[in-house]
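Every read-out reported here was derived from the displayed coordinates using simple, explicitly stated rules and does not represent laboratory data. In this text the structure is predicted, and so the values were computed from the model without any measurement. All Cβ positions, glycine included, derive from the backbone under ideal geometry; neighbour counts span all protein chains shown.
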């Protein structure tokens, strides 16, 4: 008898295969969870990128607007385009609290004699190393407005006035030598004054020291306070606040100053360069507004721009100035006197005597006045629809 057990044994139940779905459910759950995680990651990434994009767009808009505002506020006529249709790219706009590489590009285009278009564009890359740029561009139309001086003659005065010696007050329009000017205009009176009886002469027989059309004009406007303190859209205080130079010393001779090949406009004694030389001097286009808070005494030198004197102005030596001169006090020249090319207005608020003696020359020049006024102009947005967002 054999000890082997036959197989299969009938007394042992046979295992049977059973169908199941747990594994499939587990795999499906893993896939679904993975998809949910991937979807959540995708959505959060998109939201993050959208947020960064919105922030960078706002930054670009802010920087573009800042470039526009700075250009209007810091308007410099000597850098503005001089011909219609001419453009100028301003590259030195610095926006506070902004990376240096995010400076706006500002382009100024002259449309006509006093209207300009300013375009400011800024590009900002989003954070996180993803270089997706947001670009915004804004535009503004501005009109350049300067003071309007009510010049009544080469010399406009109020109160007692004394002229004589070898002085000359000439109302015939005269362009300064070498300056780029329009054609000379009609002559103005030599002296404009409300009451000619207030003029006294010393050695000026037959009004030989005065020329113009006419030599002496009886002009009530010359006796009005507003003539000397209101200049179109600008008041005396406005011009004072715009002054490039506030003089705190006296008895010096202004002269051009240079540093590293450029005009040094940080010096009180630099009043621009009146000489027109070849090659062009770097201070020729510098026409400062000069303000004396008290009395002024000049003993020589040269200057150009707008000269404002709160007190009295006394001139000696071969001083030459090109542009309008407004004196709230009295004007006094003596000795070799001074040479004024443009116009002089002496308000004489204390009604003291103005005296133009020695060999002083006051010569009317519409070119010198217009050039100084144009350089003192400020950009102001036009009244309606001046601003636009381009993209």
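What length, rounded to one decimal in nm, is gained on full extension from residue 248 through to residue 22, with 0.36 nm per residue of separation minus their alpha-carbon distance?
Numbers: separation 226, 0.36 × 226 = 81.36 nm, distance 9.54 nm.
Gain in length upon complete extension: 71.8 nm.
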Using only C-alpha positions, report the orientation-averaged shadow area of the convex hull of the range 126-271, nm², one decimal. 16.5 nm²
State the extension gain, in nm to one decimal, for the chain segment bounded by residue 40 and residue 235, taking 0.36 nm per residue of separation less the distance between their alpha-carbons. 63.7 nm
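Exposure proxy check: 149, 234, 252 ranked by fewest other beta carbons within 10 Å?
Fewest-to-most Cβ neighbours within 10 Å comes out as 252, 234, 149.
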Where does the chain land at 222 nm, in deg cm²/dmol rounded to the nearest 500, when only DSSP H runs of n ≥ 4 count, each adding -39500 (n - 2.57), divided by all residues? -6000 deg cm²/dmol
What is the angle, in °, between the Cα long axis of helix 366-375 and the longest principal axis of the Cα atoms in the chain? Nearest 10 is fine, range 0 to 90. 30 degrees
Rounded if a/c is under 1.5, else prolate if a/b is larger than b/c, else oblate: which is the range 312-358, with a ≥ b ≥ c the root eigenvalues of its Cα gyration tensor? oblate
Separation of the residue 183 and residue 268 label points, Cα + 7 Å toward Cβ, nm: 4.5 nm
Under the classification rounded if a/c is under 1.5, otherwise prolate if a/b is larger than b/c and oblate if not, where does the range 155-375 fall, given a ≥ b ≥ c as square roots of the Cα gyration tensor eigenvalues? prolate
Point-to-point label distance, residue 390-residue 58, nm (Cα→Cβ direction, 7 Å offset): 2.5 nm
Give the order of 68, 168 when sorted by the count of other beta carbons within 10 angstrom, beginning with the fewest. 168, 68
Gain upon complete extension [residue 278, residue 205; 0.36 nm per residue less C-alpha separation]: 22.1 nm
Based on the alpha-carbon gyration tensor of the range 292-380 and its eigenvalue square roots a ≥ b ≥ c, which shape applies: rounded if a/c is under 1.5, prolate if not and a/b is larger than b/c, or oblate? oblate
Going from the fewest other Cβ atoms within 10 Å to the most, one would list 35, 155 as 35, 155
Using alpha-carbon coordinates, inclination of helix 22-73 to the longest axis of the chain, degrees: 0 degrees
Correct option for Kirkwood radius over Cα pairs in Å [calculated from the coordinates] among [x] 25.7; [y] 21.3; [z] 26.6: [x]
Quick one: if you stick a label point 7 Å off each Cα along the C-beta vector at residue 29 and residue 47, how many nm between them? 2.7 nm
